[in-house]
Amino acid sequence: MTTPTLLTGALAAAEAGVSPATIRKWVQLGRLSPAGKQGRAQLFRLEDVFAAERDARGGRGGRGGRPCTSGRDA
């Protein structure tokens, strides 16, 4: 059995394309839980971060499911 890679909040945020503040907010809201600690730093499993990111986007994988509106007729 392999041990999952644990990342700091800043590294996990960079991998998921969100800001470190977003990671902290998800922890505050209970959408994401740290999987460990290294000193004072919380560590996260990358798959947990990706799951929280999908949930935050509504599970659609897109940006809120809104159509693109460029202001021009198609």
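Here, each number is a calculation from the coordinates, and none is a lab measurement. Just so we're clear, the structure is a prediction, and the values are computed from it rather than from any experiment. Neighbour counts run over all protein chains shown; Cβ positions are idealised from the backbone, glycine included.
What the table shows:
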| item | result |
| --- | --- |
| Restricting the stretch 14-43 to residues that are of a type in the set (A, V, I, L, M, F, W, C) and free of Cβ contacts under 8 Å to residues at least 24 places away in the same chain, the residue that is nearest to ASP55 (Cα to Cα) | LEU32 |
| Residues located in the stretch 17-33, provided they are over 12 Å from ARG45 (Cβ atoms) and aliphatic (A, V, I, L, M) | VAL18, ALA21, ILE23, VAL27, LEU29 |
